[in-house]
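Asks: The following block contains the structure, expressed as structure tokens.
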Amino acid sequence: MSDKFPDHIDPLLFAERRGALSGDIKIAALERLSDSVIDHGGSVSAKIEFGKEGKRIVVAGHIEGVVELECQSCLQALTWPLDIDFKLAVVSSLQEAKQLDDCEPLLLDGDTLSLNAVIEDEILLALPDYPRHEHDCLAHNRSEDADYSATDSQTKANNPFSVLAKLKKTGD
């Protein structure tokens, strides 16, 4: 095991040696993930093991950590825990990818593999499309706002359509 993650590795060499890597990766180093999170100062821990199943190279791992996302309802910070297990099989074509049953395909472009890209892809796939708090944060924020009830009653009194309600025929 290694404490430091190299960015690019030769997956064939690691698979033949049944290599394993573990360590922490700064969120700021993951460019695409940085666009999705609020706090860039944190890090995630990852453990990746390489092996072979038949002739196929398999990359399995686990990612843990916490990221700060923006709630899409109230636009406040939302703490999102990460606990991701993954198993990928290195393939060289789409035909090979279609033949996989128990693994997700990892299309290798060249001889080296970027571990940061693999980890970043797995985290991005695990994040929700529209992160929201578990509670109804808009109602929660309104109840904490003391001026809400006064503003709501003023809105009803200043409603421009209240004149139309008086003109409406009641059917009498």
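Asks: Out of the total accessible area of the stretch 1-113 (probe 1.4 Å, heavy atoms of protein only), what percent is carbon and sulfur?
Replies: Numbers: 3170 of 6810 Å².
The nonpolar share, carbon plus sulfur, comes to 46 percent.
Asks: How much accessible area does His8 have with a 1.4 Å probe, in Å² rounded to the nearest 10?
Replies: Taking all protein chains as shown, His8 has close to 110 Å².
Asks: Right, another one. Once phi is turned into ³J(HN,Hα) by the Karplus curve 6.51 cos²θ - 1.76 cosθ + 1.60 with θ = phi - 60°, what whole-Hz value does each residue of the stretch 48-60 show in order, with x for glycine and proline?
Replies: Result, ordered by residue: 10, 10, 10, x, 10, 10, x, 8, 8, 7, 10, 10, 10 Hz.
Asks: Taking a point 7 angstrom from the Cα of Arg132 along the C-beta vector, which residues in the stretch 67-93 have backbone N less than 16 Å away?
Replies: 70-79
Asks: So how exposed is Asp136, as accessible area in Å² (1.4 Å probe, rounded to 10)?
Replies: 100
Asks: Another one. In what order, largest first, do Arg32, Arg17, Arg132 sit by accessible area if the probe radius is 1.4 Å? Spell out each step's value before the answer.
Replies: On the way: Arg32 110, Arg17 175, Arg132 135 Å².
Ranked list, largest accessible area first: Arg17, Arg132, Arg32.
Asks: Out of residues 5 or more away from Ser73 or on other chains, whose amide H comes under 5 Å of its own, with H placed 1.01 Å from N in the peptide plane?
Replies: His133
Asks: Would you check the accessible area of Asp111, probe 1.4 Å, heavy atoms only, in square angstrom rounded to 10?
Replies: 130
Asks: Further question: What Kirkwood hydrodynamic radius, in Å, does the stretch 8-126 give when the mean of 1/r is taken over all pairs of distinct Cα atoms and then inverted?
Replies: Values: mean 1/r = 0.0654 Å⁻¹.
After inverting the mean inverse Cα-Cα distance, the result is 15.3 Å.
Asks: At R0 = 41 Å, how high is the FRET efficiency between Val66 and Lys98 if r is their beta carbon distance? Nearest 0.05 is fine.
Replies: About 0.70, to the nearest 0.05.
Asks: If you don't mind, another one. I need the calculated FRET efficiency for the pair Leu167 and Ile84, taking r as the beta carbon distance and R₀ as 41 Å, to the nearest 0.05.
Replies: Using R0 = 41 Å, I get an efficiency of 0.10.
The values are calculated or read from the model by the stated rules, or taken from the named source; none is laboratory data. It should be emphasised that the depicted structure is a prediction, and the values quoted were computed from it without experimental measurement. With ideal geometry, Cβ positions are generated from the backbone for all residues, glycine too; neighbour counts draw on all protein chains shown. SASA here: full protein model, heavy atoms, side chains in, ligands and nucleic acids out. Shrake-Rupley method; radii C 1.70, N 1.55, O 1.52, S 1.80 Å.
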